[in-house]
Amino acid sequence: MNRRDFVLSGAAALAGGALTHRLPGRSGAASRPVPSPAQLTWQRDELAMFCHFGVNTFTDREWGDGREDPAIFDPAHLDPRQWARAARAAGFRAMILTAKHHDGFCLWPTATTRHSVASSPWRGGHGDVVREFVHACRAEGLRPGLYLSPWDRNNPAYGDSPKYNDLYCDQLTELLTRYGPIAEVWFDGANGEGPNGRKQVYDWPRFWGLVRRLQPGAVMFSDAGPDVRWCGNERGVAGDPNWSTVDPAVVAVPGQSGPLVTPELQHGDPNGAVWRPAEADVSIRPGWFYHPAENGRVRTVESLMDLYFSSVGRNSKLLLNVPPTRDGLLHDTDVARLADFRRARDAAFERDLAKGARAEWTVTRWGSAQLDLALDRPGTAAVVRLEEPTREGQAVARYTMYGSDGGDWQVLSRGTTIGYAKLDRFAPSRVRRARLVIEAAVALPRQIAIRLYGGT
Ligand code: FUL
């Protein structure tokens, strides 16, 4: 029996999406979850910078206890434009600020509490870090995001659940109505005790509904999404496999734990009913906030490249924290490291041997598929980048990538899921022809785009 139902040839077959095709008699793929436009845009950023900044920056702590005196907040040279320039130069497309961390200190002049920049000496109490941050993002073409910690160790209303939920919604309303479009609202599930020793019961459906109403174009991040999920660790390592679909019942609200939760966050679920891709957050330094003692412990460029491969290269997005100093600037070492990271990526992905290659895409109705490439310019490949057209969902569950220099096929890499992007590194290999074999899929695989990076 001929299992090959459909063959596409020509260089154009490489242009993912340009030659989408549907096999007769199979409609299951159409009913699978697909990303919203906001989720697609979020993932295409690939790289976002996280900025942990606040009273902890001045106390040298990671978690404030809420009793910090606002008088300590006085960055002499605060310049979010410098953060944004460094981010943009390094190829980042979004930036997220801790508008409020667990200590409850608000980086904008809020009407909800006196525990804010308005009570600090910075800019004579007339400053607004959030405003300067959002302006800097816009000026540098970055999409702004805000983190508003639900845990608040300062606010006396915390633990008085209806009252604090009202206050938290007021804070969200200020942040989401004063500063124009916000691309991502970042929630964690932190839920410790407040100043009165009481715990808070958060009203997540209300918070999410409010964000959706005020900023319909924003994505919301948390363990439980609803748009973007945590990858399950703070090491910047997405799962392998990593499905962008999840079962929403397994992680229903932020802050849940249990034996099923971490695997679901890491790997997603091939049969999950909702599209909720993973974001991998990690810091360029050991801590999230700036600590002078960590100036010699900024990640190396090799470590940053490893993070890129374990996040963007595993169908995730990298949210890399680069904490501003007490001066309100990114440290020179961090800025230099970001620039090195950009140079290393530019060098690794400079030459695509598969560009212009003649391609033949074969797919069976049983979910196996094959892409054959005859390279225009044979060369030595060391990295392959695979992309599914995720606008139509995610299908591939297992694949092998082969290369040949004219003789037998050699295995270059094997993998599980592809999704938005999959990057595999392998020992440099001479390649004239390449073959991707999709061995398992949960829906009909769509045209895969391949880039083969290497040199002559
Ligand atoms: C966690 C917080 O407890 C850490 O301090 C940090 O902000 C990290 C990104 O999220 O939930």
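The values are calculated or read from the model by the stated rules, or taken from the named source; none is laboratory data. Quick caveat, the model's predicted, so the values are computed rather than measured. Positions of Cβ are generated from backbone atoms using ideal geometry, with glycine treated the same way; all protein chains shown enter the neighbour counts. The protein model used for the area step is the full one, side chains on, heavy atoms only, and it has no ligands, DNA or RNA in it. Shrake-Rupley method; radii C 1.70, N 1.55, O 1.52, S 1.80 Å.
Before moving on, here are some points about what is shown:
- Given (1) part of a loop (DSSP other than H, G, I, E, B); (2) in contact (Cβ under 8 Å) with a residue 60 or more places away in the chain; (3) within 16 Å of the ligand (Cβ to nearest atom), index of the condition Gly145 fails: (1)
- Residue within the range 119-141 that is away from the ligand (no atom under 16 Å from the Cβ) and in a strand (DSSP E or B) present: no
- Criterion: basic (Lys, Arg) and crowded, with 19+ Cβ neighbours inside 10 Å - qualifying residue of Arg430, Arg391, Arg446, Arg398: Arg446
- Residue in the range 163-186 that is part of a loop (DSSP other than H, G, I, E, B), of a type in the set (D, E, K, R) and either away from the ligand (no atom under 14 Å from the Cβ) or within 23 Å of the chain's Cα centre (by Cα) (or both) present: no
- Residue within the range 199-213 that is basic (Lys, Arg) and either within 18 Å of the chain's Cα centre (by Cα) or assigned to a strand (DSSP E or B) (or both) present: yes
- Selection count where residues are among the basic types (Lys, Arg) and under 17 Å from Glu46 (Cα atoms), scope the range 411-430: 1
- Selection status of Ser316, buried (at least 22 other Cβ atoms within 10 Å of the Cβ) and either of a type in the set (Val, Ile, Thr) or under 28 Å from Arg342 (Cα atoms) (or both): yes
- Of everything listed in (1) open to solvent by 50 Å² or more (accessible area, probe 1.4 Å); (2) within 16 Å of the ligand (Cβ to nearest atom); (3) in contact with a helix residue (DSSP H, G or I) (Cβ under 7 Å, 6 or more places away or on another chain), the single unmet condition for Leu107 is (1).
- Single match in Arg365, Arg377, Arg451 (criterion: more than 24 Å from Phe309 (Cβ to Cβ), part of a strand (DSSP E or B) and of a type outside the set (Val, Ile, Thr)): Arg377
- Gly91 satisfies every condition listed in (1) more than 16 Å from the ligand (Cβ to nearest atom); (2) closer than 30 Å to Pro195 by Cβ except (2).
- Positions within the range 401-424 being open to solvent by less than 40 Å² (accessible area, probe 1.4 Å) and in a strand (DSSP E or B), in sequence order: Met401, Gly403, Ser404, Leu412, Ser413, Gly415, Lys422, Leu423, Asp424
- Residues satisfying the stated conditions in the range 42-88, i.e. charged (D, E, K, R) and within 16 Å of the ligand (Cβ to nearest atom): Asp60, Arg61, Glu62, Asp65, Glu68
- Against the test of being basic (Lys, Arg) and open to solvent by 40 Å² or more (accessible area, probe 1.4 Å), the options Arg326, Arg276, Arg345, Arg285 yield a single qualifying residue, Arg326.
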